[in-house]
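Novice: I'd like to ask you about the structure that follows.
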Number of protein chains: 2
Amino acid sequence: MMTDNCEYCQLAGGYGELIEETPYWMIFLAPSQRYLGTCVVALKKKRANLSEVNDAEWDDFVQIVRKMEDSVNKSFKPNLFNWSCFKNAAFRKDNDDVDPEIHWHFIPRYQETVLFCGVKFDDPDFGHIPQPIARKVSSEVMNNIKLEIKKNLLE
Amino acid sequence: MMTDNCEYCQLAGGYGELIEETPYWMIFLAPSQRYLGTCVVALKKKRANLSEVNDAEWDDFVQIVRKMEDSVNKSFKPNLFNWSCFKNAAFRKDNDDVDPEIHWHFIPRYQETVLFCGVKFDDPDFGHIPQPIARKVSSEVMNNIKLEIKKNLLE
């Protein structure tokens, strides 16, 4: 996996901390928690475009969408979810080096401030596109967010 | 269909001009062509979240992804495609009125300037997330973009 191409993460650590994996995808808690519960869902196999994703990989992804929205609804009650597959950051280097990877940004969005583990999470951009601005929280809080999402994913 | 909830369009006309429809989705040429070939793929049935999209609707969407990337590759040769399902703009009003609709933003991205019908299209944000800034072109050019994408979609 590349470590520098997650445009919404903006922090060292690539896609983040692994929460769970399925046959074809890996689910990471994103390094930036500007929007509580932000995750990255990365395809294990290297493919450059969504049109190269095969039927089995799509079917697996659809199950992940349902499980993740359900899990984060139970945990943090966001108002909506933003899903995107962008890959722009992979194209910032010279053309020859370009090496995009399929990964989805899963970004829960909140109208109200959420308190989790004593930390306040608001959504300064609610109603608008998510901004690639980093917000780092302590490793203890990261771990608790991860456990919370994982617990509901496995139910 | 609502006419004010397409955050990347930013122009009157809602999702744009219909290019094609499939059993479950409608494909529109987006009113803003800041990124040449930008389309909206809207679910016909009203659903609020991607986790409510059923298997048949997803299967249909997967075929659309493959056809649209193939069509726009043939027409305009972008470097990559951005796909997103955001729905943020639907949440700008009071909570009671919130009425999101599933629609995908399909945004081709370009490293080099493309000349189409005598009009120059560059991508001022290449390598970065697409910006919700409107660029309107003439109705003649809009029609030609639409015909070009449709031609390749039907092949």
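The values are calculated or read from the model by the stated rules, or taken from the named source; none is laboratory data. Predicted model only: the values in this text are computed from it and were never measured. Here Cβ is always computed from backbone atoms with ideal geometry, including for glycine, and neighbour counts include all displayed protein chains. Protein only, heavy atoms only, side chains kept; ligands, DNA and RNA dropped before computing areas. Shrake-Rupley method; radii C 1.70, N 1.55, O 1.52, S 1.80 Å.
Novice: For the range B:65-120, which fully contained strands (runs of 3 or more DSSP E) count at least 2 residues that are over 23 Å from residue A:105 (Cα atoms), without any contact (Cβ under 8 Å) to a residue 12 or more places away in the chain and within 11 Å of another protein chain (Cβ to nearest Cβ)? Even if it seems obvious, please write down each step before you answer.
Specialist: Details: elements: B:80-85, B:103-109, B:114-116.
Those strands (runs of 3 or more DSSP E) do not exist here; none qualify.
Novice: Quickly run through the range A:53-64 and pick out the residues that are under 21 Å from residue A:16 (Cβ atoms) and open to solvent by 30 Å² or more (accessible area, probe 1.4 Å).
Specialist: Across the range A:53-64, the qualifying residue is only A:63.
Novice: OK, next. Restricting attention to the range A:99-155, which residues are among the hydrophobic types (A, V, I, L, M, F, W, C), modelled with pLDDT of 95 or more and over 17 Å from the mean Cα position of the chain (by Cα)?
Specialist: Result: A:114, A:115, A:116, A:117, A:119.
Novice: Given B:51, B:139, which one is among the small types (Gly, Ala, Ser) and more than 27 Å from residue A:126 (Cβ to Cβ)?
Specialist: Only one candidate passes the filter, namely B:139.
Novice: Here is a follow-up. Any residue in the range B:67-82 that is hydroxyl-bearing (Ser, Thr, Tyr) and over 21 Å from residue A:127 (Cα atoms)?
Specialist: Our first condition is that a residue be hydroxyl-bearing (Ser, Thr, Tyr); within the range B:67-82, this holds for B:71, B:75.
From the residues that got through so far, the ones that are over 21 Å from residue A:127 (Cα atoms) too are B:71, B:75.
Within the range B:67-82, one or more residues are hydroxyl-bearing (Ser, Thr, Tyr) and over 21 Å from residue A:127 (Cα atoms).
Novice: Can you name every residue in the range B:65-81 that is open to solvent by less than 10 Å² (accessible area, probe 1.4 Å) and among the polar types (S, T, N, Q)?
Specialist: Result: B:71, single match.
Novice: Do we find that residue A:137 is more than 24 Å from residue B:86 (Cα to Cα), open to solvent by less than 40 Å² (accessible area, probe 1.4 Å) and in contact (Cβ under 8 Å) with a residue 24 or more places away in the chain in this structure? First the steps, then the outcome.
Specialist: Working: more than 24 Å from residue B:86 (Cα to Cα): yes; open to solvent by less than 40 Å² (accessible area, probe 1.4 Å): yes; in contact (Cβ under 8 Å) with a residue 24 or more places away in the chain: yes.
Yes, satisfied.
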